[in-house]
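One structure is given below, encoded as structure tokens.
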Amino acid sequence: MRFIRTDPVPGPPKSQREFLDNTRDPQVLTSHIVGDKPEVRDRPYGLMYLSQIDSVCPREYVIGNLQQGTKREVVSFPLRVIFNMGSALHSWVQNHPEVYFGVKNVLGFWHCMACQRTRRFGVKPFDSCEFCGASYQASVYKEYALRLPDKGISGKTDLILKVGSKYRFAEMKFMAKDIESPIGSDVVQLSSYMYFSKFDPDGLPIDIDRSIGYLVYVSKMFNFRAPIKTFKVEPTERLMNPIIEKSRQFVVGMATSVLPEPKAACVRKNFYFAKNKTCPMLDPCKAHFLEGKNKYEKN
Ligand SMILES: [Zn+2]
């Protein structure tokens, strides 16, 4: 009887191991040890993400949902590295509110990793979980998730900050370069959280001051003068109207199959885009437009 596994451990064949042990090429080592393949994900369309709402095309989303299409996202290895760093930094600040904002000024839902239950809304807990008794160190920040099918949107806010006596939304952006003013699409994203959250009255147990929000840009480069810049965002009607219109077109489209108009840029370019910038719904979008159909028809 054999108790000890004697068959060879699966792994690279000997010649490949020898090759790896003899190389000093950083690129070769990376591709063999880290794995630098692009990540491919096929996601169903669903609701429009507020994090991309400035550039989202409601026509693409209506067609995508009606034909139950998926949106293929190919994230290259270099981009994944950058995205992961962004997620790690967000998580670090959310779970260590003392680092920048003060423990008493960051609010959110706190989720217990030990029992997988959401403990409570408020500032970071320093007591054991009321459900399972696990240490507070098992509690992690859970972002406020806004999901409004009747508005066609979903999103998650980075932070809820207490500023004076008000509670306000804040978005953090980690930047590789210095900026002098907030980025337009970020202003639209934050303004949209502020605007749409009023349609989610049971979503938060506190009153959010929707007149002001903050974009907090953190520099990833060393910067003596201004490592962090905070911009005040006050949503205006002019800013929000096109977004409200996208939301309306999506909802109407889903209910009646009436397609929103294609983007002017798509018509102007005759639906031709550079190879790395194609729309997954390009073919049905273009076909409906050229045939003059304003209602979605599955072919
Ligand atoms: Zn627990």
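The values are calculated or read from the model by the stated rules, or taken from the named source; none is laboratory data. Quick caveat: nothing in here was measured; it's all calculated off a predicted structure. So basically every Cβ, Gly included, is an ideal-geometry build from the backbone, and we count neighbours across all protein chains shown.
Points to keep in mind about this one:
- Listing of strands (runs of 3 or more DSSP E) fully contained in the range 99-189 that carry 1 or more residues being within 16 Å of the ligand (Cβ to nearest atom) and surrounded by 16 or more Cβ atoms within 10 Å (Cβ to Cβ): 106-112, 117-122, 139-142
- Those residues of the range 133-153 which are closer than 19 Å to Phe83 by Cβ and among the hydroxyl-bearing types (Ser, Thr, Tyr), in sequence order: Tyr141
- For the range 15-71, filtering for residues that are within 30 Å of Met194 (Cβ to Cβ) and polar (S, T, N, Q) leaves 4.
- Look at the range 129-158: where a residue is without any contact (Cβ under 8 Å) to a residue 40 or more places away in the chain and within 30 Å of Leu190 (Cβ to Cβ) and a partner is hydrophobic (A, V, I, L, M, F, W, C) and within 16 Å of the ligand (Cβ to nearest atom), sitting 6+ places away or on another chain with Cβ atoms under 7 Å, you get Tyr136/Phe126; Ser139/Trp110; Ser139/Cys112; Ser139/Cys129; Lys142/Phe109; Lys142/Trp110.
- Unmet criterion (only one of (1) free of Cβ contacts under 8 Å to residues at least 12 places away in the same chain; (2) touching a helix residue (DSSP H, G or I) at 6+ places or on another chain (Cβ under 7 Å); (3) more than 26 Å from Ala176 (Cα to Cα)) for Val99: (3)
- Selection status of Pro227, modelled with pLDDT under 95 and within 28 Å of Tyr214 (Cα to Cα): yes
- Lys71, sole failed condition from (1) surrounded by 15 or more Cβ atoms within 10 Å (Cβ to Cβ); (2) touching a helix residue (DSSP H, G or I) at 6+ places or on another chain (Cβ under 8 Å); (3) at pLDDT 95 or above: (3)
- Inter-residue pairs, beta-carbon under 6 Å, first surrounded by fewer than 18 Cβ atoms within 10 Å (Cβ to Cβ) and in the range 41-61, second charged (D, E, K, R) and not in a loop (DSSP other than H, G, I, E, B), 6+ apart: Arg41/Glu73; Asp42/Arg72; Arg43/Lys71
- Screening the range 216-264 for residues that are among the aromatic types (Phe, Trp, Tyr) and in contact with a strand residue (DSSP E or B) (Cβ under 8 Å, 6 or more places away or on another chain) and picking the one that is farthest from Tyr100 (Cα to Cα) gives Phe250.
Yes or no, residue by residue, for (1) surrounded by 17 or more Cβ atoms within 10 Å (Cβ to Cβ); (2) more than 24 Å from the chain's Cα centre (by Cα):
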| site | (1), (2) |
| --- | --- |
| Thr230 | no, no |
| Ile243 | yes, no |
| Ala265 | no, yes |
| Cys279 | yes, no |
| Ala287 | no, yes |
| Glu297 | no, yes |
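- Residue satisfying condition, being loosely packed, with under 13 Cβ neighbours inside 10 Å and acidic (Asp, Glu), within set Asp209, Asp202: Asp202
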